[in-house]
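First up is the structure itself, then whatever we jot down about it.
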Amino acid sequence: MTDERLLEMAIEARKSAYVPYSGYAVGAALETKDGHVFTGCNVENAAYGNTLCAERTALVKAVSEGYREFTKIAIAASGSAPYPCGACRQSLYEFAPDLEVFVTWDGHVDRVPLAELLPYGFGPSSLGK
Ligand code: ZN
């Protein structure tokens, strides 16, 4: 899948975001090693700690369907660059330390390897797995 198409899917997924508190809608599209794509949006909650980010929504959907190898993720928002939060960086690192991360907002696009977003990451290999 082209990077452009993956970005479009993230922008589309953003439309489903449930963000009555922050108003910061995010969409994500996560591509598996064999070309499947799982999308997600952020889902907020009145109990703020229960809020789930778009990236982890997509990741959980994929893993729950049996996919564990990923190559790229696109993340879309508006107003500011939606680089993944710390929790999402860690969750993605578990399955794909070499993931390519694309972020888009207001017509801008940036690409950064997950390894740069989470240097010296703690993952399965840290536990000898
Ligand atoms: Zn996050």
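The values are calculated or read from the model by the stated rules, or taken from the named source; none is laboratory data. All figures in this text were calculated on a predicted structure; none of them were measured in a lab. Methodologically, a virtual Cβ is constructed for each residue, glycine included, from the backbone with ideal geometry; neighbour enumeration extends over all protein chains shown.
Okay, residues lined up against (1) free of Cβ contacts under 8 Å to residues at least 12 places away in the same chain; (2) exposed (fewer than 12 other Cβ atoms within 10 Å of the Cβ); (3) more than 16 Å from the ligand (Cβ to nearest atom); (4) among the charged types (D, E, K, R):
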residue	(1), (2), (3), (4)
R56	no, no, no, yes
C85	no, no, no, no
V101	no, no, no, no
A115	no, no, yes, no
G121	no, no, no, no
L127	yes, yes, yes, no
Please indicate, with yes or no, whether at least one residue in the stretch 58-70 is away from the ligand (no atom under 15 Å from the Cβ) and either at pLDDT below 95 or under 20 Å from T104 (Cα atoms) (or both). yes
Kindly establish whether S91 is small (G, A, S), within 12 Å of the ligand (Cβ to nearest atom) and free of Cβ contacts under 8 Å to residues at least 60 places away in the same chain. yes
Could you check the stretch 25-54 and list, in sequence order, the residues that are of a type in the set (S, T, N, Q), in contact (Cβ under 8 Å) with a residue 24 or more places away in the chain and more than 11 Å from the ligand (Cβ to nearest atom)? T32, T39
Consider S22 carefully, then state whether it is loosely packed, with under 14 Cβ neighbours inside 10 Å, small (G, A, S) and away from the ligand (no atom under 13 Å from the Cβ). no
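Yes/no matrix, rows are residues, columns are (1) small (G, A, S); (2) over 11 Å from the mean Cα position of the chain (by Cα); (3) closer than 20 Å to L7 by Cα:
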site	(1), (2), (3)
F38	no, no, yes
T51	no, yes, no
P84	no, no, yes
R89	no, no, yes
D98	no, yes, yes
V112	no, yes, yes
G121	yes, yes, no
Those residues of the stretch 71-83 which are more than 14 Å from the ligand (Cβ to nearest atom) and in contact with a Lys or Arg (Cβ under 6 Å, 6 or more places away or on another chain) amount to T71
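Looking at E94, E44, E69, E65, can you tell me which residue is acidic (D, E), over 23 Å from L118 (Cα atoms) and surrounded by fewer than 17 Cβ atoms within 10 Å (Cβ to Cβ)? I'd like the intermediate steps shown before the answer.
Working: E94 fails: over 23 Å from L118 (Cα atoms); E44 fails: surrounded by fewer than 17 Cβ atoms within 10 Å (Cβ to Cβ); E69 fails: over 23 Å from L118 (Cα atoms).
Unique residue meeting the criteria: E65.
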With (1) surrounded by 15 or more Cβ atoms within 10 Å (Cβ to Cβ); (2) closer than 23 Å to P119 by Cα; (3) away from the ligand (no atom under 14 Å from the Cβ) as the list, and I11 as the residue in question, which single condition is left unmet? (2)
